[in-house]
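**Q** Quick one: the structure is below, questions incoming.
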Amino acid sequence: MNAKPRVFVTRRIMQEALDFIDQHSDMEVWPDEEPPSPEELRTKVADAEGVLTNIMDRVDAPLLDAGTGMRVVSQLAVGLDNVDVAEATRRGIPVGYTPGVLAKATADVGFALLMSAARRIGESDRWVRDGQWTLAFHPLRWLGVDIHEKTLGIVGLGQIGLEMARRGRGFDMRIIYHSRTRRPEAEAEYGLEYVDLPTLLAEADFVSLHVPLTPETRHYIGEAELRQMKETAVLVNVARGPVVDAAALYKALKEGWIYAAGLDVTDPEPIPADDPLLTLDNVVISPHVGSASLVSRGAMCMLAARNLVAGLEGKPLVRCANPEVYETRSS
Ligand code: NAP
Ligand code: GLV
């Protein structure tokens, strides 16, 4: 009987997914809370045929050089900014990822942040816990901005952006979007309007970011863009921290160019305790939990496990980020 292929899993994931991988491989799981360093990761993949990674692992040429027998990279995420997919493709290595199972959960968090920032929920919760709620009601206190019937601007109309739009529809919002590719079928189905970025920034009451982090989208929203937004507008970022210039965002929130921000992602992550953003009341921050519902994470773990095992078995991955590797192989 042939020995099972060795795989390295860089973080503990749901047990059901680990059991599935274990049935099909000789599996090692990194046991610590802190991720392996790049050197440790290179050592661990040296004799592995597959690796299951997450957004904290750098999958680059040196790692792929170390894993000389690598046949599959399976990323437990939809974002691939930590993975050099082009380099994997050059080497004929398929890269798995997890679209299709987390968009709704992530949009739920996006909308929760949108609402919290608009209606000052984080700030008022801190105030109550501080023992400051000494007067039951005041007509002029805790005024926020309305959500219903306002304009929601989606930047990046992919899976999560579309789910955000669907949620906006439930609040009777006008929905405008800007994206690399126009989606006429979504425009027709959900009544969306395509606009250029300056129009979106000028007209949206809520600007919600859903683009991947790439060289083109790093600091996509900087000082110039923030200055084009309404003074009453809320910025939501559930994409990646560096899509927004954090220093410019601090100035915008501090000096009132925009009303508030809701962030599930920061630059860097974790946000340092002395980051100036944390001194502001008009920002609400969650610690990169977009997909962190029990159901979504369970589905992500199983999908990542299935991608990994398919790659080990030489079968097409269930969800492959670089399907062109199969064309190269067959030509
Ligand atoms: P997706 O379906 O691939 O959607 C991304 C959209 O952005 C696509 O419509 C894409 O256009 C568009 N886009 C790409 N580059 C652009 C550019 N330069 N300018 C304008 N639009 C651009 O991805 P998704 O599943 O919605 O996820 C989006 C991102 O969210 C991920 O990459 C990840 O970084 C982040 N995310 C965060 C969490 C969290 O926990 N906070 C969870 C999941 C994902 P095309 O249609 O032309 O490709
Ligand atoms: C999470 O951030 C993801 O990209 O899936």
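The values are calculated or read from the model by the stated rules, or taken from the named source; none is laboratory data. Owing to the predicted nature of the structure, the values given are computational and were not obtained by experimental measurement. Using ideal geometry, Cβ is built from the backbone for each residue, glycine included, and neighbour counts are taken over all protein chains shown. All accessible areas refer to the heavy atoms of the entire protein, side chains included, with ligands and DNA or RNA removed. Shrake-Rupley method; radii C 1.70, N 1.55, O 1.52, S 1.80 Å.
Condition check ((1) within 14 Å of ligand 2 (Cβ to nearest atom); (2) in contact (Cβ under 8 Å) with a residue 60 or more places away in the chain; (3) open to solvent by 50 Å² or more (accessible area, probe 1.4 Å); (4) not assigned by TED's automatic domain parsing to the domain that holds Val238) across all residues:
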| residue | (1), (2), (3), (4) |
| --- | --- |
| Ala77 | yes, yes, no, yes |
| Asp81 | yes, yes, yes, yes |
| Val85 | yes, yes, no, yes |
| Pro94 | no, yes, no, yes |
| Ala117 | no, yes, no, no |
| Glu123 | no, yes, no, no |
| Arg129 | no, no, yes, no |
| Ala136 | no, no, yes, no |
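**Q** Something else: Which of the residues spanning segment 174-188 are in contact with a Phe, Trp or Tyr (Cβ under 8 Å, 6 or more places away or on another chain) and among the aliphatic types (A, V, I, L, M)?
**A** Ile175, Ile176
**Q** Something else now. Could you tell me whether Arg90 is more than 20 Å from the chain's Cα centre (by Cα), open to solvent by 10 Å² or more (accessible area, probe 1.4 Å) and not aromatic (Phe, Trp, Tyr)? Break it down stepwise before answering.
**A** Numbers: more than 20 Å from the chain's Cα centre (by Cα): yes; open to solvent by 10 Å² or more (accessible area, probe 1.4 Å): yes; not aromatic (Phe, Trp, Tyr): yes.
In short, yes.
**Q** For Leu308, which of the numbered conditions (1) closer than 24 Å to Val9 by Cβ; (2) buried (at least 18 other Cβ atoms within 10 Å of the Cβ); (3) not assigned by TED's automatic domain parsing to the domain that holds Thr53 fails to hold?
**A** Unmet for Leu308, out of (1) closer than 24 Å to Val9 by Cβ; (2) buried (at least 18 other Cβ atoms within 10 Å of the Cβ); (3) not assigned by TED's automatic domain parsing to the domain that holds Thr53: (3).
**Q** Follow-up. Select the strands (runs of 3 or more DSSP E) contained entirely in segment 157-262, then report the ones holding at least 1 residues which are within 13 Å of ligand 1 (Cβ to nearest atom) and closer than 22 Å to Gly122 by Cβ. Show your work before the answer.
**A** Details: elements: 174-178, 206-209, 234-237.
In segment 157-262, 206-209, 234-237 are the strands (runs of 3 or more DSSP E) which contain 1 or more residues that are within 13 Å of ligand 1 (Cβ to nearest atom) and closer than 22 Å to Gly122 by Cβ.
**Q** From Arg227, Arg183, which residue is at negative phi, touching a helix residue (DSSP H, G or I) at 6+ places or on another chain (Cβ under 9 Å), surrounded by 15 or more Cβ atoms within 10 Å (Cβ to Cβ) and among the charged types (D, E, K, R)? If you could, list the steps in order and put the result at the bottom.
**A** Details: Arg227 fails: surrounded by 15 or more Cβ atoms within 10 Å (Cβ to Cβ).
Only one candidate qualifies: Arg183.
**Q** Quick one: is Gly168 modelled with pLDDT of 95 or more, surrounded by 20 or more Cβ atoms within 10 Å (Cβ to Cβ) and in contact with a strand residue (DSSP E or B) (Cβ under 8 Å, 6 or more places away or on another chain)? Spell out the reasoning first.
**A** On the way: modelled with pLDDT of 95 or more: yes; surrounded by 20 or more Cβ atoms within 10 Å (Cβ to Cβ): yes; in contact with a strand residue (DSSP E or B) (Cβ under 8 Å, 6 or more places away or on another chain): yes.
Judged against the criteria, Gly168 is a match.
**Q** Taking Asp84 as the residue in question, decide whether it is of a type in the set (Asp, Glu) and closer than 28 Å to Arg167 by Cβ. Working first, answer last.
**A** Working: of a type in the set (Asp, Glu): yes; closer than 28 Å to Arg167 by Cβ: no.
When the stated conditions are applied, Asp84 does not pass them.
**Q** Give the residue that is nearest to Phe206 (Cα to Cα), with candidates limited to residues of segment 68-118 that are in a strand (DSSP E or B) and of a type in the set (Gly, Ala, Ser).
**A** Of all residues in segment 68-118, those in a strand (DSSP E or B) come to 72-75, 83, 95-96.
Checking which are of a type in the set (Gly, Ala, Ser) leaves us with 74, 96.
Working: Ser74: 34, Gly96: 33 Å.
For segment 68-118, the residue satisfying everything is Gly96.
**Q** Inspect all residues belonging to segment 281-296 and state whether any of them is open to solvent by 60 Å² or more (accessible area, probe 1.4 Å), assigned to a helix (DSSP H, G or I) and within 16 Å of ligand 2 (Cβ to nearest atom). Break it down stepwise before answering.
**A** As a first pass, look at segment 281-296 and keep what is open to solvent by 60 Å² or more (accessible area, probe 1.4 Å): 281, 287, 294-295.
With the extra rule that they be assigned to a helix (DSSP H, G or I), the set shrinks to 294-295.
Still in the list and also within 16 Å of ligand 2 (Cβ to nearest atom): 294-295.
Yes, some residue in segment 281-296 is open to solvent by 60 Å² or more (accessible area, probe 1.4 Å), assigned to a helix (DSSP H, G or I) and within 16 Å of ligand 2 (Cβ to nearest atom).
**Q** Which residues, counting only those in segment 279-320, are within 13 Å of ligand 1 (Cβ to nearest atom) and under 28 Å from Arg119 (Cα atoms)?
**A** Result: Ile285, Ser286, Pro287, His288, Val289, Gly290, Ser291, Ala292, Ser293, Ser296.
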